[in-house]
1. When the dipole is taken about the Cα centre of the chain, and only Lys, Arg (+1) and Asp, Glu (-1) are charged at their Cβ, what size is it in debye, to the nearest 20?
2. From largest accessible area down, sort 180, 87, 168, 335; use a 1.4 Å probe on the protein chains.
3. Can you tell which of 311, 403, 349 lies farthest toward the positive end of the dipole of the chain, using +1 and -1 charges on the Cβ of basic and acidic side chains (Lys, Arg; Asp, Glu)?
4. Could you calculate the FRET efficiency of residue 369 with residue 167 from 1/(1 + (r/R0)^6), where r is the beta carbon distance between them and R0 is 35 Å, rounded to 0.05?
5. Ranked highest first by the average count of other Cβ atoms within 10 Å around their residues, in what order do 403-410, 44-51 fall?
6. How big is the dipole moment of segment 208-252 about its Cα centre under a simple scheme where the beta carbon of each Lys and Arg is +1, that of each Asp and Glu is -1, and everything else is neutral? Debye, nearest 20, please.
7. Would you look at the GNM of the chain, springs on alpha carbons closer than 10 Å, and say which of 189, 255, 82 moves the most?
8. Dividing the convex hull volume of the Cα atoms of segment 287-383 by its residue count, what figure in Å³ per residue is obtained?
Amino acid sequence: MSTVTSTRDQPALLGGTPAVDLDQQQANQWPIITEADEQAVLDVLRSGRLSVNDVVTQLERDYCRWLGVGHAVAHCNGTSAILAALHGFGLVPGDEVIVPSATYWASVTPVLHCGGIPVFAETEDQCLGLDPADVEQKITDRTRAIVVVHLFGMPSRMDELLDIARRHNLRVLEDASHAHGASYHGRPIGTLADAAVFSMQTNKLCPAGEGGMFVTDDTELWERVVRLGHYERVLGLESPNRRFAATGFGLKLRISPLNAAVAGVQLRHLPQRNSRRSRNIIRLSRRLEDLGFRTFLSPPDVERVYFEFLVGYDETATGLPIGDLVKALVAEGAHVERPRYPLLHQQPLFTEGHWANVARLEATASRPLPTYEPTALPRTSAANGSLVKLPSFPQATDALLDQYADAFEKTLRHADTLPRTAP
Ligand SMILES: Cc1ncc(COP(=O)(O)O)c(C=O)c1O
């Protein structure tokens, strides 16, 4: 008996028994597809209306009702919805847009396709959103907009960011791709700024497979978005925009009705599935907080959701480098890994200058183009480097969550004796 206890007590990297041995397949299964999704897809298939179908307008109405907004336009993915929103803002070549670097690339690259210049600002370490103070410092006479990303489902510091935008007359886009169902001071994420976009890609909280949703209360902005990528709807507009019915503004960005059908079913399950995922992660977060990890629990009057579960680790407190922590946890059977997103301002698209070709911008004597230095944004780099990603446990049992907590606890208890091998 004592042998069993002591092997379980030993780090798996040093020959002990792994702490996590329960099945993780079902616990982390996502998306959750039921007969209702299958039936919704079959209904569309059997209708034969595979390009334009009422299921899309129904999904848009569902989003409007769910969020309490006036307009929603479904897109083939979140990337195209962000492009449409920025186009709708009326960016002209050379306009600057303040963006985070720690995000998926699609929060930023559509700026280039509008001829704009992304200006990266620091991420703050409380909510992992744009740092309002740095945003304000980065504003110039060419700044037109801010893209705010509610990273991993944690609402950014919207009061301060919206106040800055109002004072400097900037448009604000919420990239709410990770944040279906989150709220900020009692208001749903996605309704706080000029417009918002939700990705409905498979991993997201309301998945369609591929899909994106643009939402706004601004009718003029909505019409510009319709005009850009949904020519088949332009005749339905009650404004001079109807004259563009034959061409739109040149893109075709509509969602496939098959995907919209899935999204409609998934949206109905969102509150209950979010609450199970959040409950699981909060339970584990409490144990990890006790061990000294930062788990980004919701601040007062904010309700975050968990597209992904990342925790902050301070290796100076334990002496175990983060790479070795991850190795030890993986050996324990925990599915953990290093940060999700490489920082965008360090990517060759920016550092090698290709971005300017995409944006079709050339330097002039009076306006040189910016260069992007990998060493910029030291606070964002430090914060990103301290993150460890765990599964998001959409269907986990308490027993599995406890095994994860045990794996972390055991690893830290043996921090001194674990091998240092990570680069
Ligand atoms: C923060 C963020 N914004 C935008 C997107 C783009 O969405 P999509 O993949 O649906 O094009 C994603 C997708 O992963 C994302 O994570």
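1. My answer is approximately 820 debye.
2. 335, 168, 87, 180
3. Working it through, the farthest residue towards the positive pole turns out to be 349.
4. The value I calculate is 0.80.
5. For the peptides 403-410, 44-51, the packing ranking is 403-410, 44-51.
6. About 280 debye.
7. Maximum fluctuation in the GNM of the chain, among the listed residues, is at 255.
8. 190 Å³
The values are calculated or read from the model by the stated rules, or taken from the named source; none is laboratory data. All of these numbers come straight from a predicted model, not from anything done at the bench. Every residue, glycine as well, gets a Cβ built from its backbone with ideal geometry; the counts of neighbours run over all protein chains shown. Remember, those area values only see protein heavy atoms, side chains included, never the ligands or the DNA or RNA. Shrake-Rupley method; radii C 1.70, N 1.55, O 1.52, S 1.80 Å.
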